[in-house]
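A short write-up of the structure that comes next.
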């Protein structure tokens, strides 16, 4: 297949559209710089018509051939055939292309600065991933380039009750606050099994608990403490003047939110017994587990998961990487789906998150899940799990205009994302990216030349230079721009890929 | 003046007769002479210049400044024709790291987490603070800030004179210092930055609760008594937004997180910056938060050929853009003070400011303001610091040429009305170790024999000075070329404060002069024993 330039008009209708198309031929101001803060916030074209594509709505309309997607003011206005482009609309001719909803990763550790785990205490419900979102993490852009538009940033699995999650949209170029997905349900990470009981830790870092029994007990203990905390506040509300108030405790306050159904539990889990255990704990405290993460033995207890009302976010085909996952099988997702569980496939990996469409495709390979259902594993189903299905996850009128333009079938290993749109703005465009690479290479070459030149100047007149000389008169030495000849100090290492230890 | 000389003589005579030292005054203050700095160009504040003006200094304060001003008859007159006098700089962030806490040192009613130590006071550690390098770079005042942990304790504002800390302290407990990540992560909570921020947030909420709880208990003691905590009591004013908190940040993400925390918790934050504020210039300027900006620009990258991929593009760009940071923030309307924090030595400040002016868009008068009037205002000390005006502290710079110009030469720094000459250091050309028998000659011809003992090589000298029976250890001694500069505390001979002396050596001959808190003197003498015989 020879891809056509997407922006070339094949059937121009009116002059207004022609003018817009000319604009579209030049690389639009999309976010393509290697540094997010230098990447311009993509302009809002107002109205966009994607025309003539195969559209996977992941909604009641199913898959539409030779169909159009109309976007207005950041939302989807209509999906159908023969839609008219309003005056001034940006028209994208997409014959031969496929359009899907933006992909969603229900389990990510991308863009978390300063450590994914607060692993010191068995419960750290007070810590918030939203405090440490790193908008400069290049993984955001790489995943955007793979069609990902939203991700659930989770605390690691070092402790039974981890930190509060943050759901983001991959708005490369935005600040941490601008990345946050405002409509997402508040959530929190729990973890069961080997990690919280420290099976694979150094022996000198002992922390209660050291058994699965202990993990259950500590979770119950913290919820009982949260109930006491809530009761203390209730008593205080009816107390008289000048009563010493209870101390606000951010850990217990978060646990109270869980008990009251205002914060969703996303629990790292593998084995059937621990999955049943946590559902039992939740039911005894009157709430429901929102989503089991990994849940590799979920196929053994799929009916129980469905009956509890939990969902499952699993891997496509990871198994046997530690003892508690020896019973994992790649049919897990299909089997749970078959029993009525809302299933998603997640990445848990900066790298895998760049190609979630291929993860979804594995559900077709293993177990023969229908293609539309497979695509839901990385679109509508994670949206349901994160409480954002009213906003994203399918291409339906009224939802956010988060969509991907694929070069071919979205489940094909030969296809790639050509454009990724969020809120009706083009955050990734392959053509722009390729053009930007040349600009960046030229800038880089110029900077290297300037550095070499400055270093040479420094050698010419560097005699007498003594940077450590406290008493030297400030006028003593003529120093070239760029200063002394020593290698640059290394940047503080905050790469999330380096800090991720969790599976 | 005459009275002062008499005091010197009395003091020395007492010392020579080996009488017990005269007791030092209970509260020793700066013992400044009266000075008239005449004929200089005086920049009284950024943008305000007086040509051929006089500055009168008395008792450590500026008494008068103006053109056609007569020198007082009791003043020592300094002819500064050709020089420019500025207000001395204020170092707004001079870090003093706190040693690791031993378990036994944990405060009994402190916070259970060792990273929360707001009740600490850096004034208690000023004994290990060295004013000399900052002063030689043109600073007259510094905010000494404790570092270590999430809440590190109270900073202190000090004048950068020699002598006992008590003489130099201006404000013993100034702003509380904090960071969003402990510098000493170990096994305990927190081990991550999100944990550090959670602890920061919880601690601020606890401090707010502490005030409410104790107020409620004070009003109604017939109920369970809330816990006592020196840490939470200390943070009450910070949590209420009544007292500033200096928060160290490391990158633009932390800058914006700090802004969000200021809004969320109602804090009055001052941010120690990192040099990449230009990434988020509009957001920071709009936040209204004051910024203390370091100037540690990246060194020239060691670039290979065009295919060199070892250098990160972001780092290359930062090398290009870093000098523009301060100028861009000021243009956007941010409140900016400059700090030498992060530089190899404070003296690198001048070169860095020059680059910020030449390569960036920093205006020289804005640079001066960012080192004088702006920090003075941030510290709430604009009534006593930052400009050259009657009644303010006599913290002055004598400069040949325009400050920050390439050919500028910082000649002297005045602190509390005392003049400290700034010397450039050269490689030693002499080895001064040995016994030197010297004669000190005071202003009116009184001669006092002294013995100077120096040990070690020129790079690591140590020694003592003996007058009569009193042996005084040298607090500093260094060699530049053939010149030996030393300082010592002369309280033991009845002259409280630091005395400095400079000797030029020629073989075994020495000649020079010095300044004691009581006045100037000359010195001459010779080496009577070599180092191997000592």
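The values are calculated or read from the model by the stated rules, or taken from the named source; none is laboratory data. Model, not experiment: these values are computed from the prediction. Please note: Cβ atoms are built from the backbone with ideal geometry, for glycine as well, and neighbour counts cover all protein chains shown.
Scanning region A:290-318 for residues that are over 28 Å from residue A:357 (Cβ atoms) and either in contact with a strand residue (DSSP E or B) (Cβ under 7 Å, 6 or more places away or on another chain) or surrounded by fewer than 17 Cβ atoms within 10 Å (Cβ to Cβ) (or both) turns up A:303, A:307, A:309. Taken as a whole, the structure leaves residue B:365 outside the set of residues that are away from chain A (no Cβ under 14 Å), part of a loop (DSSP other than H, G, I, E, B) and modelled with pLDDT of 95 or more.
The criterion of at least 1 residues that are more than 14 Å from chain B (Cβ to nearest Cβ) and either within 21 Å of residue B:196 (Cα to Cα) or over 22 Å from the mean Cα position of the chain (by Cα) (or both) is met by the following helices (runs of 4 or more DSSP H) wholly inside region A:146-259: A:212-237, A:250-259.
Scanning region B:59-70 for residues being modelled with pLDDT under 95 and part of a strand (DSSP E or B) gives a total of 0.
Total residues in region A:124-134 satisfying the condition of being more than 7 Å from chain B (Cβ to nearest Cβ) and surrounded by fewer than 24 Cβ atoms within 10 Å (Cβ to Cβ): the figure is 1. When B:506, B:457, B:462 are checked against the criterion of being at pLDDT 90 or above and either surrounded by fewer than 17 Cβ atoms within 10 Å (Cβ to Cβ) or over 29 Å from the mean Cα position of the chain (by Cα) (or both), a single residue qualifies: B:506. The single condition among (1) outside any helix (DSSP H, G or I); (2) within 11 Å of chain A (Cβ to nearest Cβ) that residue B:119 does not satisfy is (2).
If you go through region B:494-503 and pick out every residue that is modelled with pLDDT of 80 or more and either touching a strand residue (DSSP E or B) at 6+ places or on another chain (Cβ under 8 Å) or part of a strand (DSSP E or B) (or both), you end up with 6.
Considering the conditions (1) under 30 Å from the mean Cα position of the chain (by Cα); (2) surrounded by 17 or more Cβ atoms within 10 Å (Cβ to Cβ), residue B:191 is excluded by exactly one of them, (1).
Checked against the criterion of being touching a strand residue (DSSP E or B) at 6+ places or on another chain (Cβ under 7 Å), in the same structural domain as residue B:274 (by TED's automatic domain parsing) and without any contact (Cβ under 8 Å) to a residue 60 or more places away in the chain, region B:230-252 has at least one qualifying residue. Evaluate region B:77-95: report whether one residue or more is under 25 Å from residue B:207 (Cβ atoms) and within 14 Å of chain A (Cβ to nearest Cβ). Checked against the condition, which is being under 25 Å from residue B:207 (Cβ atoms) and within 14 Å of chain A (Cβ to nearest Cβ), region B:77-95 yields no hits at all. Name the residues in region A:111-123 that are buried (at least 24 other Cβ atoms within 10 Å of the Cβ) and either away from every other protein chain (no Cβ under 14 Å) or out of contact with any helix residue (DSSP H, G or I) (no Cβ under 7 Å at 6 or more places or on another chain) (or both), would you? Result: A:117, A:119. Run residue B:150 past the list (1) within 13 Å of the chain's Cα centre (by Cα); (2) within 14 Å of chain A (Cβ to nearest Cβ) and report the number of the one that doesn't hold. Every condition holds for residue B:150 apart from (1). Set side by side, the residues A:92, A:104 differ, and just one is outside any helix (DSSP H, G or I), buried (at least 23 other Cβ atoms within 10 Å of the Cβ) and under 22 Å from the mean Cα position of the chain (by Cα), which is A:104. Say whether the condition of being more than 19 Å from residue B:110 (Cβ to Cβ) and free of Cβ contacts under 8 Å to residues at least 24 places away in the same chain is met by at least one residue in region B:157-165. No - not one qualifying residue is present in region B:157-165.
Could we say that residue B:389 is outside any strand (DSSP E or B), under 24 Å from residue B:323 (Cα atoms) and more than 19 Å from the chain's Cα centre (by Cα) here? The answer is no for residue B:389.
Among the residues of region B:373-386, not a single one is surrounded by 24 or more Cβ atoms within 10 Å (Cβ to Cβ), touching a strand residue (DSSP E or B) at 6+ places or on another chain (Cβ under 7 Å) and within 18 Å of residue B:82 (Cβ to Cβ). Being farther than 15 Å from residue A:148 by Cβ, surrounded by fewer than 19 Cβ atoms within 10 Å (Cβ to Cβ), assigned by TED's automatic domain parsing to the domain that holds residue A:311 and modelled with pLDDT of 95 or more holds for only one residue in A:333, A:408, A:340, A:398, and it is A:340.
Among the criteria (1) at pLDDT 95 or above; (2) facing another protein chain (nearest Cβ under 9 Å), the one residue B:249 does not fulfil is (2). Selection over region B:479-511 of residues that are without any contact (Cβ under 8 Å) to a residue 60 or more places away in the chain and closer than 18 Å to residue B:165 by Cβ gives a count of 3. In contact (Cβ under 8 Å) with a residue 24 or more places away in the chain, more than 8 Å from every other protein chain (Cβ to nearest Cβ) and in a helix (DSSP H, G or I) - does that describe any residue in region B:311-318? Within region B:311-318, one or more residues are in contact (Cβ under 8 Å) with a residue 24 or more places away in the chain, more than 8 Å from every other protein chain (Cβ to nearest Cβ) and in a helix (DSSP H, G or I). It is to be established whether one or more residues within region B:127-150 are over 23 Å from residue B:295 (Cα atoms), without any contact (Cβ under 8 Å) to a residue 40 or more places away in the chain and either outside any loop (DSSP other than H, G, I, E, B) or in contact with a helix residue (DSSP H, G or I) (Cβ under 7 Å, 6 or more places away or on another chain) (or both). Checking region B:127-150: at least one residue is over 23 Å from residue B:295 (Cα atoms), without any contact (Cβ under 8 Å) to a residue 40 or more places away in the chain and either outside any loop (DSSP other than H, G, I, E, B) or in contact with a helix residue (DSSP H, G or I) (Cβ under 7 Å, 6 or more places away or on another chain) (or both).
Here are B:343, B:338, B:284: which of them is away from chain A (no Cβ under 12 Å) and either assigned to a loop (DSSP other than H, G, I, E, B) or within 25 Å of residue B:257 (Cα to Cα) (or both)? After ruling out the rest, the residue left standing is B:338.
Can you pull out the residues in region A:286-324 that are in contact with a helix residue (DSSP H, G or I) (Cβ under 9 Å, 6 or more places away or on another chain) and assigned to a strand (DSSP E or B)? Selection gives A:291, A:292, A:294, A:311, A:312, A:313, A:314.
Here residue B:514 meets each of (1) over 22 Å from residue B:165 (Cβ atoms); (2) at pLDDT 90 or above with one exception, condition (2). Candidates are the residues of region B:162-178 that are in contact with a strand residue (DSSP E or B) (Cβ under 9 Å, 6 or more places away or on another chain) and at pLDDT below 95; the one that is nearest to the other protein chains (Cβ to nearest Cβ) is B:162.
Restricting B:382, B:407 to those that are more than 14 Å from every other protein chain (Cβ to nearest Cβ), assigned to a loop (DSSP other than H, G, I, E, B), without any contact (Cβ under 8 Å) to a residue 24 or more places away in the chain and over 30 Å from residue B:471 (Cβ atoms) reduces the list to B:382.
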